[in-house]
Amino acid sequence: MTDAHPRGHDSHEPKRYHHGNLVEALVSATVAIIEERGIEHVSVREAAKRAGVSPGAPFRHFRTKTALMTAVAEQAMTRLKEAVAEAVAETAEQDPLAAFEAIGRGYLRWALSNTTHFEIISSRSLIDFDGSESLRRDNEQIRTLMIDLLAQARDRGQLRQGLDFDHLVLGARALVYGLARMAVDGHFPEWHGSEPPKNAVQHALSTFISQMRKI
C-alpha cells in the first residue's frame, strides 16, 4: 500500500524478559510478530518464545490468544488517549468546537502513524472489548468528552440550530474511523490522489466540522 504509513511506525524492538514486566514484554513481542508475520501467526506460546520466556510462563496472565490481543488493544487505547489529549491541549481554551475537531485530528494522526495498534483496537473479532474494563472506560471517556465539547459549543453559539448530539458524535466517529481505515488499507489513490493521505484525512475532517458551525 503506497499511501499509508509503514506498519509499526510507533514500534520498537520487542523487550526480552529479564525479571521485569512480563506482560509488557509479551505485548511487545506480540506487536513484533504481527508486524513481521501477520496476526494469524500470533499465539501465546509464540509470544513467549519471542519474549524469551518458557512456554508456560505467559498463561498465568493470558490464557488465550484473545486475552493477549486484548492487552495489545489496551496498550493501543492508552496511547490513543495520549494522542487525543495532546491534540486537544493544542487548541484555544475558548473554542470547544476546535477542541472537538482536535479529538479527530489526534485520532487520525495516531492511527496513520500506528497502523498495527489501530488494526488491533479496531477489530472486535480479535479482542474481548466488552470484557475489558479499561477499554470500555477509556472509550466512554472519549465519547463523553465529545458530547461535553458539543454542549459547550452550543452554549457559546457555535453550532447550527437543530443538530442532534448523538448523531454528530456517531458521524464524527464514523468519519475519522473510515478515513483512517481507507488510508491504512491503501484506498486513497483511487478516491483522492491529489494529496498525501495524512493531509487528505485532516482536510476531510475540517470540511465536516465546518458544516456544523453556525454561520
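For the stretch 76-102, filtering for residues that are of a type in the set (A, V, I, L, M) and surrounded by fewer than 18 Cβ atoms within 10 Å (Cβ to Cβ) leaves 3.
Contact map, the stretch 32-48: residues that are among the polar types (S, T, N, Q) paired with residues that are assigned to a helix (DSSP H, G or I), Cβ distance under 9 Å, separation 6+ or inter-chain. Pairs shown: Ser43/Ile33; Ser43/Lys65; Ser43/Leu68. Scanning the stretch 107-133 for residues that are farther than 22 Å from Ala180 by Cα and surrounded by fewer than 14 Cβ atoms within 10 Å (Cβ to Cβ) turns up Asp130, Gly131, Glu133. Looking across the stretch 135-149, the residues that are among the aliphatic types (A, V, I, L, M) and farther than 20 Å from His117 by Cα come down to Leu145, Met146, Ile147, Leu149.
Pairs linking a residue in the stretch 192-215 that is surrounded by 13 or more Cβ atoms within 10 Å (Cβ to Cβ) and part of a helix (DSSP H, G or I) to a residue that is among the acidic types (Asp, Glu) and modelled with pLDDT under 95, with Cβ atoms under 7 Å and 6 or more positions apart or on different chains, are Pro197/Asp3. Note on the stretch 26-69: among residues that are within 21 Å of Leu135 (Cβ to Cβ), part of a loop (DSSP other than H, G, I, E, B) and among the hydrophobic types (A, V, I, L, M, F, W, C), the one that is modelled with the highest pLDDT is Val42. Among the conditions (1) closer than 17 Å to Ala99 by Cα; (2) assigned to a helix (DSSP H, G or I); (3) free of Cβ contacts under 8 Å to residues at least 60 places away in the same chain, Gly157 misses just one, which is (2). Phe165 - would you say it is farther than 19 Å from Ala204 by Cα, touching a Leu at 6+ places or on another chain (Cβ under 9 Å) and surrounded by fewer than 19 Cβ atoms within 10 Å (Cβ to Cβ)? Here the answer is yes, as Phe165 does meet what is asked.
The values are calculated or read from the model by the stated rules, or taken from the named source; none is laboratory data. Bear in mind the structure is a predicted one, so any value in this text is a computation, not a measurement. For neighbour counting, all protein chains shown are included, and Cβ atoms are generated from backbone atoms with ideal geometry for every residue, glycine included.
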